[in-house]
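These notes are about the structure you will find just below.
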Amino acid sequence: MRKNIVAGNWKMNMTLPEGVALAKELNEKLKSAETNCDVIIAPPFTHLASIVAVVDTNRIKVAAQTCSNKVSGAFTGEVSPDMVKSTGATAVILGHSERRQFFGVTDEQVKEKVDLVIERGMTPIVCIGENLEQREKGIYFDVIGTQVKKALFHLNPDDFRKVILAYEPVWAIGTGKTATAEQAEEVHSFVRKLIASQYGTQVADDTTILYGGSCKPSNARELFSQPDVDGGLIGGASLKADDFMGIITAF
């Protein structure tokens, strides 16, 4: 059975004291809440070890927002998978649209990062999605299919089962636009069928696919009610505990 997951990507927000305070607040709220999903938060690198230390990691998993595709060496400013793991983080977001757009991350690099993250026993959260031009041209299935195949289809079935996917319609991130629940379901269903064609129906049915485009408390329930939408990768709404809890309790 695939897991329902709500993951918060803090991006480049929150000082260390602010981030620790938010994590503590979320931890307290979750103690008394009935939830039907797993919860992940992805603070900046500088916060990881401090936040792992103040949350119940059985209740809140902590993820990094990216990592290097190199193990070590003269790569100033980079953070290796081993460094991430040493903080106590157990997952890594890979191939986020902002990393692709602003930092030139390629599908090949995502593939290399996926392998390193899995080798170290962490969970890769792999982002896929089309920009506005690709959506309007009607080539988004081609774009998304290529991203999935290049980054993941080299994996054996056992390793593929360790992957979480996150569909990000890039045109709906930080723009106030949101894909309709039907648009989200259309892509999630396509991705699940693509996985089935490579790994079989059982693996596809067990794969968690999150929606990552301007999900908030007001639309989470409708999105999560779709048969192939298994949760959300949340940006802005994860920066306030009450908003994030509103999405968590949408399940």
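The values are calculated or read from the model by the stated rules, or taken from the named source; none is laboratory data. The shown structure was predicted, so the numbers you read here are calculated from the model rather than taken from an experiment. Note that we place each Cβ from the backbone using ideal geometry, even for glycine, and neighbour counts take in every protein chain shown.
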Would you mention how many residues in segment 125-139 are in contact with an Asp or Glu (Cβ under 9 Å, 6 or more places away or on another chain) and part of a strand (DSSP E or B)?
2
Top-ranked residue in segment 192-251 [being part of a loop (DSSP other than H, G, I, E, B), of a type in the set (Ser, Thr, Tyr) and modelled with pLDDT of 95 or more; ranked as surrounded by the most Cβ atoms within 10 Å (Cβ to Cβ)]:
Thr207
For segment 29-41, which positions are outside any helix (DSSP H, G or I) and over 23 Å from Lys113 (Cα atoms)?
Ser32, Ala33, Glu34, Thr35, Asn36, Cys37, Asp38
Please verify whether segment 42-62 includes one or more residues that are hydrophobic (A, V, I, L, M, F, W, C), part of a loop (DSSP other than H, G, I, E, B), in contact with a Gly (Cβ under 9 Å, 6 or more places away or on another chain) and in contact (Cβ under 8 Å) with a residue 24 or more places away in the chain.
no
Residue list for segment 63-102, restricted to those being farther than 14 Å from Gly121 by Cα, among the β-branched types (Val, Ile, Thr) and in contact with a helix residue (DSSP H, G or I) (Cβ under 8 Å, 6 or more places away or on another chain)
Thr66, Val71, Val79
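Pull up segment 141-176, narrow it to residues that are in contact with a Pro (Cβ under 8 Å, 6 or more places away or on another chain) and either closer than 13 Å to Tyr199 by Cβ or not aliphatic (A, V, I, L, M) (or both), then point me to the one that is surrounded by the fewest Cβ atoms within 10 Å (Cβ to Cβ).
To start, the set of residues in segment 141-176 that are in contact with a Pro (Cβ under 8 Å, 6 or more places away or on another chain) comprises 162-164.
Narrowing the set further to residues that are either closer than 13 Å to Tyr199 by Cβ or not aliphatic (A, V, I, L, M) (or both) leaves 162-163.
Values: Lys162: 14, Val163: 21.
The extreme case among them is Lys162.
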Taking segment 64-114, which residues are part of a loop (DSSP other than H, G, I, E, B), more than 29 Å from Asn131 (Cα to Cα) and more than 16 Å from the chain's Cα centre (by Cα)?
Val71, Ser72, Gly73, Ala74, Phe75, Thr76, Thr87, Gly88
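So, of the residues in segment 177-190 that are touching a strand residue (DSSP E or B) at 6+ places or on another chain (Cβ under 6 Å) and not small (Gly, Ala, Ser), which turns out to be surrounded by the fewest Cβ atoms within 10 Å (Cβ to Cβ)?
By that ranking, first place goes to His188.
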Identify the single condition in (1) in contact with a strand residue (DSSP E or B) (Cβ under 9 Å, 6 or more places away or on another chain); (2) modelled with pLDDT of 95 or more; (3) in a loop (DSSP other than H, G, I, E, B) that Leu155 does not satisfy, given that it satisfies every other one.
(1)
Answer yes or no: is there a residue in segment 115-123 that is under 16 Å from the mean Cα position of the chain (by Cα), surrounded by 13 or more Cβ atoms within 10 Å (Cβ to Cβ) and in a helix (DSSP H, G or I).
yes
The residue that is nearest to Arg100 (Cα to Cα), considering only those in segment 127-143 that are under 21 Å from the mean Cα position of the chain (by Cα) and β-branched (Val, Ile, Thr), is Ile128
For segment 121-175, name all the residues that are free of Cβ contacts under 8 Å to residues at least 40 places away in the same chain, of a type in the set (S, T, N, Q) and more than 17 Å from Gln109 (Cα to Cα).
Gln134, Asn156, Thr175
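To keep it simple, each residue is scored yes or no on (1) in contact (Cβ under 8 Å) with a residue 40 or more places away in the chain; (2) on the phi > 0 side of the Ramachandran plot; (3) in contact with a His (Cβ under 8 Å, 6 or more places away or on another chain).
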{"site": "Lys177", "(1), (2), (3)": "no, no, no"}
{"site": "Leu194", "(1), (2), (3)": "yes, no, no"}
{"site": "Gly200", "(1), (2), (3)": "yes, yes, no"}
{"site": "Tyr211", "(1), (2), (3)": "yes, no, yes"}
Has segment 171-179 got at least one residue that is modelled with pLDDT of 95 or more, among the aromatic types (Phe, Trp, Tyr) and not in a loop (DSSP other than H, G, I, E, B)?
no
(1) among the acidic types (Asp, Glu); (2) over 15 Å from Val163 (Cα atoms); (3) surrounded by fewer than 17 Cβ atoms within 10 Å (Cβ to Cβ) all hold for Glu98 apart from (3)
